[in-house]
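What follows is a single structure, written as structure tokens, with notes after it.
The values are calculated or read from the model by the stated rules, or taken from the named source; none is laboratory data. Quantities reported herein were computed from a predicted structural model and do not represent experimental measurements. Glycine also receives a Cβ, built like all others from the backbone with ideal geometry; neighbour counts cover every protein chain displayed. For accessibility, only protein heavy atoms count, side chains too; no ligands or nucleic acids. Shrake-Rupley method; radii C 1.70, N 1.55, O 1.52, S 1.80 Å.
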Amino acid sequence: MKINSLSYNSITLPGNKLTASCPIEAIPLPEKITVPMVCYGNEYNPIVKKGQTVLAGEGIGASDNPVMPPVVSSISGEVSGIIKYVDPFFGSLVSAVVITSDGLGKTIEPEKSPAENASSRTLLNFIQKTGVYGLGGGGFPLYIKLLSAMNARINTLVINGMECEPYLTSDYRLMIENATEVINGTRILQKILSPLQTIIAVNDQYPDAITSLDRARASIEKGGDITVTPFKSSYPSGAEELLAKAIAKREVPPGKLPQDIGVSVHSVATVKSVNDAIMSGLPPLERIITASGNLPRCSNLKVRIGTPVADILNFCGGTLGENNRIILGGPMTGRTAYNLDMPVTPTVSAVLVLKDSRTPESECIRCGKCIDVCPVGLSPVDIYYNSRAGKYEECSRHGIDICFECGNCSYSCPSGISLVQYIAITKREIKLRGSKD
Ligand code: SF4
Ligand code: SF4
């Protein structure tokens, strides 16, 4: 089988895919969930009050922007409080709704699922009503991403099964155990976007997933319109921009999106979620995560959105050893959990317990390694110096907007400088300043 490679600066990381052979397990309904009022960098407002009862799938937070779907509760129960929460991905204090479960898991009335021959507009409206969002990292409402791709008249649909960060295996297990649902979800996106070609890009270290998807593809009508293609695993080979570039053989221009070069990229977890919404008529209430690292029992888990880290660690038998750091997400792009009440949100693909090997930052020695490993050709060290000096215009001139926070620069820096964190904070500061102008 031909393995496609991607041409950009990348690094080779240890796989540490400890949970590759662990089937997906559902953990019990949480007694309590915490749902931050934030979605894809937009702050939401709680629309429920303390003491109010809610159903799973019911809206509990709304955006000022009417096209953004509501944030929903993933369980039924009672709103036990509205707290302030520092969201590690959003980078600031937001409201969060805390719901105590009634243990019943009662859901809202499902939306009527579209007919087999429904039009693209009907399917799109259904995705808007059920509030399906991207599970590949951005957490962006899928309706908006698809509408934008329709308007851009994309010619290639890419389903992303690269999962190139160490430890993560939730997408791998999903491609093996839910290949039919992944293919069915892909067919729905094909009906909406009418691409000329559809490629499921799979990590070349995942031959079982390739076989599983190929089998599922071959068993359905029009499955031949979908190609399952292995791509060489290196980090960050799963980044949307890099996949789009490799497939379209064109760069995504600075400040533009993959759809601007004719490519729309969605994760395997997102298309599985589309299939699930069509089958159930309900908004996404759960996601699959990898629980791995220093745990007595590592696994791939199906958890309700808002489940606290403590529940996941309890299910896995606690933690092993001392001086651990708990990470929400992958080791390269995740965020440190500062307490065990922190919840799994739509963008959290893992809960990892890893030995804290961070060292204090020392002076930059101007070695240039961060420049060598940046997949989009930035000079992280220059952005870092300008950020520290508060020279935000210079950061923009150095292309800070293009950085997609892969973490290669921080990982490679011999001085232990958390370059990606400086960059993320600076990007947010630039955005805030822009919105005040
Ligand atoms: S985090 Fe940004 S600056 Fe650093 S290597 Fe990745 S893309 Fe480049
Ligand atoms: S890798 Fe670290 S030490 Fe080397 S130039 Fe970049 S910031 Fe400086």
Exercise for the section: Could you tell me whether segment 333-352 includes any residue that is within 29 Å of Met37 (Cα to Cα), near ligand 1 (Cβ under 10 Å from one of its atoms) and either of a type outside the set (A, V, I, L, M, F, W, C) or modelled with pLDDT of 95 or more (or both)? Expected result: yes
Fill in the blank from the handout: Only one of Thr333, Thr345 is more than 16 Å from ligand 2 (Cβ to nearest atom), open to solvent by 30 Å² or more (accessible area, probe 1.4 Å) and either touching a Lys or Arg at 6+ places or on another chain (Cβ under 9 Å) or under 20 Å from Gly41 (Cα atoms) (or both), namely Thr333
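Here is a yes/no grid of residues against (1) under 25 Å from the mean Cα position of the chain (by Cα); (2) in contact (Cβ under 8 Å) with a residue 60 or more places away in the chain; (3) buried (at least 19 other Cβ atoms within 10 Å of the Cβ); (4) assigned by TED's automatic domain parsing to the domain that holds Phe140:
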{"position": "Val71", "(1), (2), (3), (4)": "yes, no, yes, no"}
{"position": "Ser74", "(1), (2), (3), (4)": "yes, yes, yes, no"}
{"position": "Gly77", "(1), (2), (3), (4)": "no, no, yes, no"}
{"position": "Lys84", "(1), (2), (3), (4)": "yes, no, no, no"}
{"position": "Leu93", "(1), (2), (3), (4)": "yes, no, no, no"}
{"position": "Val97", "(1), (2), (3), (4)": "yes, yes, yes, no"}
{"position": "Thr100", "(1), (2), (3), (4)": "no, yes, no, no"}
{"position": "Leu104", "(1), (2), (3), (4)": "no, no, no, no"}
{"position": "Thr107", "(1), (2), (3), (4)": "yes, yes, yes, no"}
Practice task
Working only within segment 206-227, note down all residues that are open to solvent by 20 Å² or more (accessible area, probe 1.4 Å), outside any helix (DSSP H, G or I) and modelled with pLDDT of 95 or more.
Solution key: Thr227
Practice task
Mind counting the residues in segment 376-402 that are within 14 Å of ligand 2 (Cβ to nearest atom) and touching a helix residue (DSSP H, G or I) at 6+ places or on another chain (Cβ under 6 Å)?
Solution key: 8
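Out of the residues in segment 380-419 that are within 22 Å of Arg250 (Cα to Cα) and not in a loop (DSSP other than H, G, I, E, B), which is farthest from ligand 1 (Cβ to nearest atom)? Walk me through how you get there before you give the answer.
First pass over segment 380-419, keeping only residues within 22 Å of Arg250 (Cα to Cα): 398-406.
Next cut, not in a loop (DSSP other than H, G, I, E, B) only: 400-402.
Values: Ile400: 8, Asp401: 10, Ile402: 7 Å.
Within segment 380-419, the match that is farthest from ligand 1 (Cβ to nearest atom) is Asp401.
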Handout entry: Condition check for Gly377: within 9 Å of ligand 1 (Cβ to nearest atom) and surrounded by fewer than 24 Cβ atoms within 10 Å (Cβ to Cβ)
Key = yes
Problem - Residues of segment 156-179 satisfying the condition of being in contact (Cβ under 8 Å) with a residue 40 or more places away in the chain, open to solvent by 20 Å² or more (accessible area, probe 1.4 Å) and either among the aromatic types (Phe, Trp, Tyr) or part of a helix (DSSP H, G or I) (or both) - result: Tyr167, Asp171, Tyr172, Arg173, Glu177
Practice task
Test each condition in (1) closer than 30 Å to Glu163 by Cβ; (2) more than 21 Å from the chain's Cα centre (by Cα) for Asn386 and report the one that comes out false.
Solution key: (1)
Practice task
Assess whether Glu361 counts as being open to solvent by 20 Å² or more (accessible area, probe 1.4 Å), more than 10 Å from ligand 1 (Cβ to nearest atom), of a type in the set (Asp, Glu) and not in a helix (DSSP H, G or I).
Solution key: yes
Exercise for the section: Kindly provide the set of residues from segment 105-155 that are within 18 Å of Asp276 (Cα to Cα), outside any helix (DSSP H, G or I) and of a type in the set (S, T, N, Q), ordered by number. Expected result: Thr107, Ser113, Asn117
Problem - Which listed residue is touching a Lys or Arg at 6+ places or on another chain (Cβ under 9 Å) and either under 24 Å from Thr333 (Cα atoms) or among the charged types (D, E, K, R) (or both), from Arg173, Arg187 - result: Arg187
